[in-house]
1. If you rank A:TRP86, B:TRP202 by fewest surrounding Cβ atoms within 10 Å, what's the result?
2. Can you give me the long-range amide H partners of A:VAL144? Hydrogens built in the peptide plane at 1.01 Å from N, cutoff under 5 Å, separation of 5 or more residues or another chain.
3. I want to make sure I understand the PRE zone here: with the label point 7 angstrom from the Cα of B:THR22 toward its beta carbon, which residues in the stretch B:142-167 have backbone N atoms less than 20 Å away?
4. For peptide B:98-106, how many partner chain Cβ atoms fall within 10 Å of a residue's Cβ, on average?
5. Given springs between every Cα pair under 10 Å in a Gaussian network model of chain A, which of A:ALA200, A:ALA36, A:ALA278 has the largest fluctuation?
6. Would you tell me the mean number of C-beta atoms belonging to other protein chains that fall within 10 Å of each C-beta in B:236-242, as a whole number?
7. If you place +1 on the Cβ of every Lys and Arg, -1 on the Cβ of every Asp and Glu, and leave all else neutral, what size is the dipole of the protein assembly as shown about its Cα centre, to the nearest 20 Debye?
8. Report the label-to-label distance for B:LEU286 and B:ARG196 in nanometres (one decimal), using points 7 Å from each Cα along the Cα→Cβ vector.
Amino acid sequence: MSNLALLFDTPALALQLVVDGVLVGAIFALVAYGMALVWGVTNVINVAQGELVMLGGYVVYYLDRYGVSPVFGLPFAAVALYIVGWILYRLAVFRVVNGDLFTSLLATFGLSILLQQLMNQIFGADIRSVQADLGSFFLAGGLVTVAKVKLLAFAMALAVGAGLVLFLKRSRLGQAIRATSQNARAARILGVDTHRVYAATFALNAAICGAAGGLVAMTWIIHPYLGLTYTVRSFMIIVVAGLGNIGTVLASGCGLGVAENAAGFILGTEYETAFVFALLVAILVGRNLVLARQRRYLK
Amino acid sequence: MLYGALAVLALAATWLVPALTTQMTFLWLMILFALTWDILGGQMGYNSFGNVLFFGVGMYVCAVVQRDSGLSYYAALASGMGLAAVVSVALAALLGPAILGLRGHYFAIATLGLGVAAGDLAAAWEYIGAGSGLVPPPFPGAVGAREHFFYYLTLALLAATFCTLRWLYSRRFGLAINAIRDDEDKAEAMGIRTTRYKTVAWCVAALFLGLAGGPIGSVAGFIDPRELAFAGSTFGVWMVLMAMLGGKGTLWGPVIGASIFYVTQEAFWTYLLGWQRVAMGVLIVLIVLFFPTGILGWLRQRRARTQASAAAPALQGGAP
């Protein structure tokens with residue numbers, strides 16, 4: 001707990017944590033928005049979300065090893081993951097669309113275990129990361145460091161998110177996706193091929209995760225077992241922000257990033273993942289208490 | 001008759017197939033997992049991914065008592081298991097009212113978070129060995145006696161679990177939790193104290209899981225926080241699948257499902273070098289996608305269909 005006092009004594013350190021948290025939070029928000037999209041359209045909570053992030057990270061990592069700069073690797077990761085997402089949908093996910101939520105939860109959990117083990121078998125359990133070597137900015141007289149690569153990742157996450165929103169608003173497919181999410185039956189009557197829309201949504205989400213995974217590989221580390229934390233973070237963000245509104249999603253993503261960084265600093269980094277999962281439980285229970293209180297007022 | 005035959009088989013198994021004693025111990029553990037998961041998942045409709053929490057807590061409590069109590073081996077094991085049961089049940093009673101207030105997938109994901117958080121905490125806490133785990137004290141008896149001792153201990157625990165659940169399901173308790181599964185709001189409106197029943201059901205699961213933790217830690221000989229004690233992506237998911245494969249919400253379904261699942265898993269481990277975990281993932285997806293009703297559920301559907309088709313001509317013939 002002495003770290004907590006340290007945080008109050010040196011505001012620059014606190015600022016550092018906040019800056020890092022906000023920058024990394026944009027990536028969380030991106031993954032969460034993809035999950036919200038799939039959840040809203042197909043009524044599937046994709047537990048394999050984090051594994052898609054992990055796969056995207058591996059694509060960028062291997063491209064980097066063969067000389068493709070990670071910045072240009074991102075589109076490749078997105079395209080590769082779009083294909084992976086499409087295949088996953090055609091093989092398994094389409095069977096649980098609009099079905100019992102628990103079945104889809106368990107099925108995607110199975111997929112996530114499968115992908116984890118497959119990657120572990122192919123690439124090994126080593127921790128990897130892409131070195132971007134971009135240097136850092138120094139603020140507040142050198143007390144606060146902002147790694148340029150994190151800033152870049154933040155900007156790219158925002159750009160991908162903005163592109164996604166534009167796509168959903170303007171393009172034909174995007175409109176079909178939104179129509180299906182509002183009312184699948186009506187969309188079908190109006191001639192939308194909903195099965196194709198479901199597949200496209202899942203694949204699109206995978207592509208977003210792929211890009212996010214590339215950003216994770218650039219700013220952080222990847223290994224076969226990192227998936228579940230990203231899934232849980234996305235779920236938390238959605239629970240707090242609700243489905244759909246990208247502004248709120250971004251805000252809660254950044255909030256989560258800051259909270260996580262602060263917790264990692266105060267409690268020690270070895271407790272950081274435990275904090276994420278404990279926070280999940282706390283948020284769910286807290287949400288339930290709030291809802292219960294609202295119900296009481298209604299009576 | 002059936003029970004007698006099974007009991008004789010189980011008791012004689014160490015003599016019939018001595019090479020498989022440890023595997024058989026784990027088979028009993030798997031059946032215990034599936035049975036205790038089914039209390040909530042099958043009978044009460046609360047699909048938990050985090051029941052492994054109580055197993056891990058029990059394992060660690062027992063191992064710490066064995067390490068620090070200074071008692072003789074058996075006394076330490078017994079008091080460790082006792083304390084493990086108390087701690088697990090207390091934890092379930094404490095968490096129950098909050099966590100069990102969640103419904104559907106919120107409950108499932110919250111319990112998933114609980115299990116993983118516990119594993120991460122155990123892997124970070126120095127007092128219980130952090131990431132390098134704990135080693136329970138060595139068994140004092142002769143070589144081979146350890147396996148036999150824990151085989152019978154686990155078997156006894158399983159028998160106790162099965163009989164307790166059979167008794168509970170035949171009482172008002174079974175009816176109440178079934179009512180909660182079918183329609184919780186209606187059950188509450190009918191005057192069933194749902195929160196109390198739900199918490200008690202979780203406590204029963206926690207009791208047996210906590211008790212089982214201690215002996216299994218000693219069987220394995222090494223307690224790894226994420227791979228053995230809080231193994232969410234293996235034991236935690238397997239519990240669900242085994243109950244599902246056999247048939248959720250039945251007494252024998254989890255037993256059958258766990259047996260088939262565990263034998264398949266052991267076959268994978270023996271014959272698929274390196275790829276066994278991948279094959280396991282494929283199997284999990286296949287079971288969920290193509291066999292969600294389970295073996296007993298499938299048999300029941302089939303019986304209903306044959307009865308319906310047998311009844312149909314009779315009805316036609318009977319009509320004037």
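What follows is calculated from the coordinates using simple rules that are stated; it is not laboratory data. Note that the coordinates shown come from a computational prediction; the quantities given were computed from them, not determined experimentally. All Cβ positions, even for glycine, are placed from backbone atoms using ideal geometry, and neighbour counts span all protein chains on display.
1. Ranking A:TRP86, B:TRP202 by Cβ neighbours within 10 Å, fewest first, gives A:TRP86, B:TRP202.
2. Result for A:VAL144 returns A:LEU139.
3. Label zone hits: B:142-156.
4. Across B:98-106, the average partner-chain Cβ count within 10 Å equals 5.
5. Among A:ALA200, A:ALA36, A:ALA278, the largest GNM mean-square fluctuation belongs to A:ALA278.
6. The per-residue average across the peptide is 2.
7. Charge dipole, the protein assembly as shown, about its Cα centre: 2180 debye, nearest 20.
8. Each label point is offset 7 Å from its Cα along the Cβ direction, giving 4.7 nm.
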